[in-house]
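Nothing in this text is a laboratory measurement; each read-out follows from the coordinates by a stated rule. Because the structure is predicted, anything quoted here is derived from the model rather than measured. Using ideal geometry, Cβ is built from the backbone for each residue, glycine included, and neighbour counts are taken over all protein chains shown.
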Protein chains: 2
Amino acid sequence: MKARVTVFPRPEVLDPQGKAVREALLRLGHAEVADLRAGKCFDLELATEDHELARRELAEMCERLLANPLVERYEIQLG
Amino acid sequence: MKARVTVFPRPEVLDPQGKAVREALLRLGHAEVADLRAGKCFDLELATEDHELARRELAEMCERLLANPLVERYEIQLG
């Protein structure tokens, strides 16, 4: 089963990387970029077809390694 | 309008970051992770409601700054 995990800084947390990218885009003339947050993502191939198990395992991976729940939120998509 | 850009190394390109994350997950006991690719993503707020314009602008941002088309592929989602 394929899965995608997306990790972003929480809305209340500063995002200096996103700020820098937005400023670079503005300098390139993309004035329509009102806001930008930068995150990371992971595309996984899981050796299971059990959606409930996959979701549980992915949440554990996020809590332990892929994200820092104190300052980041994560999304799990199964596909 | 909200948009999400996702950038991953092309399938034929090595992904040492993804390999390191997968190996760390295996060490944590997540033996079901058969493959993992690591990428970056950007959530944008655009000051336009014109989907066609937004898609064109985002493609240009990807080609010029957000991705390296030689070794990375990108996806644009409008939401």
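Things to note:
- Label-point separation, B:Ala31 to A:Glu72 (7 Å along Cα→Cβ), nm: 2.7 nm
- Peptide B:48-54, shielding by other chains (average Cβ, 10 Å cutoff): 1
- Hydrodynamic radius of the stretch B:25-79 per Kirkwood, over alpha carbon pairs, in Å: 13.8 Å
- Crossing angle, helix B:16-27 versus chain B [Cα axis fit, 0-90 degrees, rounded to tens]: 50 degrees
- Helix A:51-61 and the longest principal axis of the Cα set of chain A meet at an angle near 60°.
- Between the alpha-carbon centres of the stretch B:1-66 and the stretch A:12-73 there is a gap of 9 Å.
- For the peptide A:17-30, the mean number of other protein chain Cβ atoms found within 10 angstrom of a residue's Cβ is 3.
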